[in-house]
Amino acid sequence: MRPSFAVLAAAVQAAVGTASTLTPPVLPLIVRNPYLSTWLGNARDVPWSKWPMFYTGEELGLSLMAQVPSTDAVYPLLGKPHEALSESSNFKFPTYLGAHYDASTTNLTYRIDLNTSSPSSPVDITVSFLSPITPTSTLRQSIPASYITIYVQSDVTVNVYMDINGRWVSADPASQITWQYDNGLGSGNKPTLQRWRLQRQSQLLLSEIRDRAEWGTIHFTAPADVQYQSGPAPLVRRAFAAKGSLTNVNDATFRAIRDREPVFAFSKSFVPSRKSGPVSGSVTFTIALIQDPVAQFASSRGLTLMRPLWKAWFGNVESLLTFHYKDFTNAARLASDYSTQLAHDAYQSGAQDYVDIVALSARQVMGATTFSGTPDDPILFLKEISSDGNFQTIDVIFPSFPFFLYTNPRWLAYLLEPLIEHMLSGQYPNTYAMHDLGTHFPNATGHPDGNDEYMPVEECGNILIMGLAVVDSLLYDKDSAASSIWSAQGESTTPMSGETAGYFPLNEFQVLSGIDKQDGKWGGGALGRSQAQKWIQRSYNLWTQWTGYLVEFSLEPANQLSTDDFAGWLALQTNLALKGIIGIKAMSKLAEVGGYHDDVSYYKNISDTYIAKWEELGMSRDGSHAKLAYDWYGSWTTIYNLYADAQLCFHLEGTSLDPSSTYQDYDQQQPLKPPSPSAPTSSPGFVPHHIYTKQSAWYHNVRQKYGLPLDSRHLYTKTDWEFFAVAVASESVRAEILESVAKWVNETNTDLPFTDLHNTEGSGGFPGPNFFARPVIGGHFAFLALQRACNGSAWRGSRFWMRCMIEVENLVDVNGNKHESGFGSGSGSGYVRF
């Protein structure tokens, strides 16, 4: 009796064994950085109905087939290679069993019924795409490569095939490309790997065509025991369909991508034997995009060509590819550990739908980033994908920051580093924080004329909030209180000294659970306090400069853009003002940790004064909700910036969990105790708690079929801000809006990677502009980051006051019927406050 296919599938990824409940229209396949980004479009249909695509929707040549001699047929698995087969080719379609995914892996499963006279069982095949997220190993995360593994379970011979084409190296089909085959990779005297290399014949350094990189080399790597062939797509694919094998021949006629479409293929045979019985095996391929440099950056040294971070640890490309290929088991294990913990945490803080939403989001966030710098001073670059292509946009990093706090706050510090370095060097002339490092990725040439997109209050508030979030992530004594489970693993490392040493170097790798090349502990204890203080002191003048701008301009913001620039310019924005005021409050904490004690009370007093005035100006006349703008009566808005108040623990002020005096003593926190019946009804917290509860009730009232609209102007929503907003709402409101988002994922007709901007009614489609594949959906991790904030007390405190103050609202519907049993279950039901 042959072993069940479940045994084989367990080797793929244990975490993916749980069936995915949501069926998005697009799934990630190979997603590693802004240029190595391959997706399965039309993912609700069979995978051979459409070619895989780049995140823009442009097709990429990636095809997989299986050939079964006993049926004399070839079966397409991915892409449309069958269209290149001759009329005489016997091709059939397998039974597609569906897709499963976790944070790092997408598995496509198939069954081929043999329909022969023999009693053989069906052929089971799983194609597994692994782009591992490894929060404890920045080295592995920095490698621009992914794994594709084909698992086969069969009683009969099965041959599998994979090819790629020149579209991987240029968006222009007229581009001339060159390629090379070699089989000399591997350590020792006997090569263990072979590969295809392809690139543009004329590299266009640091240039794009329709968001596609026009420089760099694709490396398609395979084990030594597979066959290879290159040539025109019909010729190569028909050869495999006819014989189930390739000819080990390389077509040496270099030409354009569209000229007799050259493809580069590998094939592998799985043959059962009398001795070992049925086949239960696999073959792994890797695809890497090697670029050097990865960007140019106006650093403190001037305009600098930036090399990839991996280059510091690997002497050449061959050693990198060999390590990456042979590290598959370790990388898969680390990725599986992350996915398993993520699924557990997401289920605890949301529901099964939330597990799938954050799993879909993780690779998309990291897929907008590229690691650079040196181990002394690592940097993480980020592209503002699809909206305008800006480089290191602060208000795009901001919505993504919950992902980084939860996964690895070290990476958030690496994202802020180039912005701080550039502005410290004096290359940006304005007194407020810059919008981005460059108009278009990968060129971070700055804005020496100060003419970047005008979002002064937005960006000052964002960077102050994220700066304090980085500091808070360093400040813990017990590992269980760390903002990320993974950042507390390992031992503390010795900080480097010298002029070239950065503040958060990767100078000592460790072996954890038998796997080497893992990061040391992030912060914690006396070292974390010292790191936080030095980091603040290094750029304290910038922090105070940005805060000074907020002191002058945030309470009553002039006509300007917020991060939601597609909505247009607007003066006196309530939500924008709140961000600025929370930024001033954050400065008081930065001053405290940095040792600037004279500044602490100054910024605290200003923020306290401003927040009281903000409530007076920003809330509706009946006090039921926040207005879109101070002077826009009858309007409402999603106050998603309220999330920062809770994430930074300001909402615990005035409670027994008040963290204001615990920066030097983290173990003295006491459980929150319910007040006595005679307790005063004053609302604690920096932003008064009744603001939270009123907004929570309002979100219930205005929810639509597919979620919570951004504000009263339109019916579109931003999913990142939805999760920010409902992370600090009541549990019932959080659940119903999460249900709406899940419904949208299952029903939306948007045909590009997870959009963060969509309509909440109709078909839930793009409202224009069309946003897709953006890293801002790191905001979907807001529940998870908040769950661990404030030494684990943030959500505990929130649940308490949300329950005690106004959890059960007195509501009246439009017919005058009073409801006293909590929130209703309908969407957009027209309730108003009684």
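Every read-out reported here was derived from the displayed coordinates using simple, explicitly stated rules and does not represent laboratory data. Worth saying up front: this structure is predicted, and the values here are computed from it rather than measured. Glycine also receives a Cβ, built like all others from the backbone with ideal geometry; neighbour counts cover every protein chain displayed.
Give me the one-decimal nm value for the distance between modelled label points at T609 and H714, 7 Å along each residue's Cα-to-Cβ direction.
Spacing of the two 7 Å Cα→Cβ label points: 3.8 nm.
If neighbour count is taken as other Cβ atoms inside 10 Å, put Y692, Y96 in order from fewest to most.
Values: Y692 25, Y96 16.
Ordered by Cβ neighbours within 10 Å, fewest first: Y96, Y692.
Quick one: 3J(HN,Hα) in Hz for region 151-162, Karplus 6.51/-1.76/1.60 with θ = phi - 60°, rounded, Gly and Pro as x.
9, 10, 10, 7, 8, 10, 5, 10, 10, 10, 9, 8
Between S273 and D477, what length comes free when the chain is fully extended (0.36 nm per residue of separation minus the Cα-Cα distance, one decimal in nm)? Present the calculation step by step, with values, prior to reporting the outcome.
Values: separation 204, 0.36 × 204 = 73.44 nm, distance 5.80 nm.
Roughly 67.6 nm would be gained on extension.
Run the dipole for the chain about the Cα centre, Lys and Arg Cβ at +1, Asp and Glu Cβ at -1, nothing else charged, and hand back the magnitude in debye, nearest 20. Please list the in-between numbers first.
Values: 60 positive and 79 negative charges, 462 e Å.
Computed charge dipole of the chain: roughly 2220 debye.
Taking just the alpha-carbon atoms of region 5-332, what radius of gyration and Dmax come out, in angstrom?
19.5, 74
Please report the net charge: other residues with Cβ closer than 11 Å to the Cβ of K383, K and R +1, D and E -1. Present the calculation step by step, with values, prior to reporting the outcome.
Numbers: positive: R774; negative: E208, D211, E384, D388, D436.
Local charge sum for K383: -4.
What's the FRET efficiency of K190 with R307 using the Cβ-Cβ distance as r and R₀ = 41 Å, to the nearest 0.05?
Numbers: r = 31 Å, r/R0 = 0.77.
Efficiency computed from Cβ-Cβ geometry: 0.85.
Provide the descending list of Cα extents for region 108-199 along its principal axes, expressed in whole angstroms.
Sorted from largest, the Cα extents of region 108-199 read 49, 42, 34 Å.
With θ set to phi - 60°, apply the Karplus curve 6.51 cos²θ - 1.76 cosθ + 1.60 along region 699-716 and write out the HN-Hα couplings as whole Hz, x wherever there is a Gly or Pro.
So the Karplus estimates, Gly and Pro as x, are 4, 4, 5, 9, 4, 10, 4, 10, x, 9, x, 5, 6, 6, 6, 9, 9, 8 Hz.
Order by neighbour count: I639, I515, fewest other Cβ atoms within 10 Å first, most last.
Listed from fewest to most nearby Cβ atoms, that is I515, I639.
Take every DSSP beta bridge whose two residues both sit in the chain, then give the antiparallel share in percent to the nearest 5.
Taking every DSSP beta bridge within the chain, about 95 percent pair in antiparallel fashion.
If you filter region 297-354 for trypsin sites (Lys or Arg not before Pro), then keep DSSP loop positions with at most 11 other Cβ within 10 Å, what is left?
On the way: sites: R301, K311, K326, R333; in loops: R301.
Loop-located and lightly packed - R301.
Compute the angle between helix 352-366 and the longest alpha-carbon principal axis of the chain, please, reported from 0 to 90 degrees and rounded to the nearest 10.
In the chain, helix 352-366 runs at an angle near 80 degrees to the longest axis.
Pop out the ³J(HN,Hα) list for region 464-478 in order, Karplus 6.51 cos²θ - 1.76 cosθ + 1.60 with θ = phi - 60°, rounded to Hz; leave Gly and Pro as x.
Per residue, the Karplus-derived 3J(HN,Hα) values read 5, 5, 5, x, 5, 4, 4, 4, 4, 5, 7, 9, 7, 9, 8 Hz.
Using only Cα atoms and rounding to the nearest 10 degrees, what angle (0 to 90) does helix 794-806 make with the longest principal axis of the chain?
So the helix axis and the longest Cα principal axis differ by about 50 degrees.
Given the pairs K589/K743; K190/K275; K613/K718; K383/K613; K275/K326; K326/K521, which span a C-alpha to C-alpha distance of over 31 angstrom in this model?
Exceeds cut-off: K589/K743; K383/K613.
Output the direction-averaged projected area (hull surface divided by four) of the convex hull of the alpha-carbon atoms of the chain, in nm².
Working: hull surface 146.3 nm².
With every direction weighted equally, the projected area is 36.6 nm².
Tell me, in nm to one decimal, what length is gained between T431 and N248 on full extension, where the rule is 0.36 nm per residue of separation less the Cα-Cα distance?
Values: separation 183, 0.36 × 183 = 65.88 nm, distance 6.26 nm.
Extra length available between T431 and N248 comes to 59.6 nm.
Roughly how many nanometres apart are two label points built 7 Å out from the Cα toward the Cβ at D182 and S635?
6.2 nm
Once you put a point 7 Å from the Cα of T23 and another 7 Å from the Cα of E58, both along the Cβ direction, what distance in nm separates them?
Label-label distance for T23 and E58, simple model: 3.1 nm.
Can you sort H758, H714 from fewest to most other Cβ atoms within 10 Å of each residue's own Cβ?
On the way: H758 26, H714 13.
Ordered from fewest to most neighbouring Cβ atoms within 10 Å, H758, H714 come out as H714, H758.
What does the charge count around K50 come to, taking other residues whose C-beta lies under 9 Å from its C-beta (Lys +1, Arg +1, Asp -1, Glu -1)?
On the way: positive: K80; negative: D45, E59.
Net charge in that neighbourhood comes out at -1.
Given 0.36 nm per residue, what is the gain on full extension from E508 to Q352 after removing their alpha carbon distance, in nm? Write out the running numbers ahead of the final one.
Numbers: separation 156, 0.36 × 156 = 56.16 nm, distance 3.79 nm.
Value of the extension gain: 52.4 nm.
Just to confirm the number: angle between the C-alpha axis of helix 394-407 and the first principal axis of the chain, 0 to 90 degrees, nearest 10?
Here the helix axis deviates by roughly 80 degrees.
For the chain, what's the relative contact order in percent, using C-alpha pairs closer than 8 Å and at least 6 residues apart? Let's see the in-between values first.
Details: 1896 pairs, mean separation 95.9, N = 834.
In percent, rounded to a whole number, it is 12.
Given the -39500 (n - 2.57) contribution per DSSP H run of 4+ residues, what per-residue ellipticity at 222 nm results for the chain, rounded to the nearest 500 deg cm²/dmol?
Details: 19 runs with 258 residues, N = 834.
Mean residue ellipticity, 222 nm, calculated: -10000 deg cm²/dmol.
Exposed loop sites here are GluC sites (Glu not before Pro) in DSSP loop states with at most 11 other C-beta atoms within 10 Å. What is the longest stretch of the chain lacking them? Don't jump to the answer; show the numbers that get you there.
Numbers: sites that count: E87, E491, E499, E820.
Free of exposed loop sites, the longest segment is 88-490.
Out of the chymotrypsin sites (Phe, Trp or Tyr not before Pro) in region 477-571, which ones are loop residues according to DSSP with at most 14 other C-beta atoms within 10 Å? Please list the in-between numbers first.
Numbers: sites: W486, Y503, F509, W522, W535, Y540, W543, W546, Y549, F553, F566, W569; in loops: Y503, F509, W522, W569.
Sites meeting the loop and neighbour criteria: W569.
Rounded to the nearest Å, what's the spacing between the alpha carbon centres of region 520-595 and region 149-210? Just the number, please.
Taking the Cα centre of region 149-210 as reference, the centre of region 520-595 is 46 Å away.
What do you get for trypsin sites (Lys or Arg not before Pro) in region 554-649 restricted to DSSP loop and a cutoff of at most 10 other Cβ within 10 Å of the site's Cβ? Write down the numbers at each step before the final one.
Details: sites: K579, K585, K589, K604, K613, R621, K627; in loops: R621, K627.
For trypsin sites (Lys or Arg not before Pro) across region 554-649 that sit outside H, G, I, E and B with at most 10 neighbouring Cβ atoms in 10 Å, the list reads R621.
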